[in-house]
Amino acid sequence: MKVVETEKLLRAQVKIWRSQGETLGFVPTMGALHQGHLRLVEAAQRLCDRVILSIYVNPTQFAPEEDYLRYPRPWVKDRALCQKNGVDLIYRPQNLYHPEGTTIVLEKELSQGRCGVTRPAHFQGVATVVTKLLNLVQPDRAFFGWKDAQQVEVIQRVVSDLNIPVKIEPVEIVRDRDGLAFSSRNVYLSAQERDRALAIPLLLQVAAGRRDRKKWLTQNLSKIKGIKLDYVEESQGRLCVAAWVGKTRLLDNWPISLK
Ligand code: AMP
């Protein structure tokens, strides 16, 4: 497995693989890898000859009061997981931004509701960094988790609007045995908070099969001690939730089983 930090080395390796006629799958991440990320790697391995995974905690998608500085960065563990799971190359840039850069990618519709309300600059940071990464790696396919459903929608729109030649491959949410969706931010939860957080997937699953799902889920989640609801919305045939458990904001969603 190769680990590269510079654009020059990344492009050189990509060129070699391209010249051999190999297809490239790309999995962008912020590291602190878990089974959700590894499922994206598996999906990429199924569809592509080579898998490139990037690890970059992108500063522009965090607001000043958010967790950019304390976001987990377990590099040695991440590298070992990638090695064990057959990643071909980790791209690990130290910084992706020109100090004097003045260009951003701003998707103006799908990024506005839901998470865009609480995190107004988040999706412009995501759209910008993903566009940069896609230009750097130039993969055939890029893999994103439905865990971040709005992110999938925004990225699909950006790729379509800007004619970026890549196929976006959304991958279903991976959950821990207790039902909680894997997230790098789950490490912030105390044992008690994690227990409380389990109500989210439990109620979500029930609500997704009900006609009055939005109202029912809003009412029932609001009753749970220690959970502060941000939103319940429907999109892309999914019932989507964001909620704070203590100081940690969790996202989850479930395919709607009753239309
Ligand atoms: P992150 O490192 O949090 O930026 O996530 C990198 C990618 O992994 C994104 O496309 C996420 O949607 C995806 N991802 C994160 N958690 C999960 C999960 N539990 N199941 C599936 N995909 C996930």
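The values are calculated or read from the model by the stated rules, or taken from the named source; none is laboratory data. Given the structure is predicted, the values throughout are model-derived calculations rather than measurements. All Cβ positions, glycine included, derive from the backbone under ideal geometry; neighbour counts span all protein chains shown.
Tabulated data
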quantity	calculated
Qualifying residue in region 239-258 (condition: at positive phi and either modelled with pLDDT of 95 or more or of a type in the set (Lys, Arg) (or both))	yes
Hey, Arg92 farther than 15 Å from Ile55 by Cβ, among the basic types (Lys, Arg), surrounded by fewer than 21 Cβ atoms within 10 Å (Cβ to Cβ) and in contact (Cβ under 8 Å) with a residue 12 or more places away in the chain or not	no
Scope region 109-156; condition crowded, with 21+ Cβ neighbours inside 10 Å and among the polar types (S, T, N, Q); matching residues	Ser111, Thr128, Gln150, Gln151
Restricting region 40-51 to residues that are crowded, with 20+ Cβ neighbours inside 10 Å and in a helix (DSSP H, G or I), the residue that is nearest to the ligand (Cβ to nearest atom)	Leu40
Among (1) more than 22 Å from the chain's Cα centre (by Cα); (2) crowded, with 18+ Cβ neighbours inside 10 Å; (3) among the aliphatic types (A, V, I, L, M), the one test that Ile200 misses	(1)
Residue within region 174-197 that is within 30 Å of Val137 (Cβ to Cβ), within 13 Å of the ligand (Cβ to nearest atom), in contact (Cβ under 8 Å) with a residue 60 or more places away in the chain and assigned to a strand (DSSP E or B) present	yes
Of residues in region 25-38 being touching a strand residue (DSSP E or B) at 6+ places or on another chain (Cβ under 6 Å) and either of a type outside the set (Val, Ile, Thr) or free of Cβ contacts under 8 Å to residues at least 24 places away in the same chain (or both), the one farthest from the ligand (Cβ to nearest atom)	Gly25
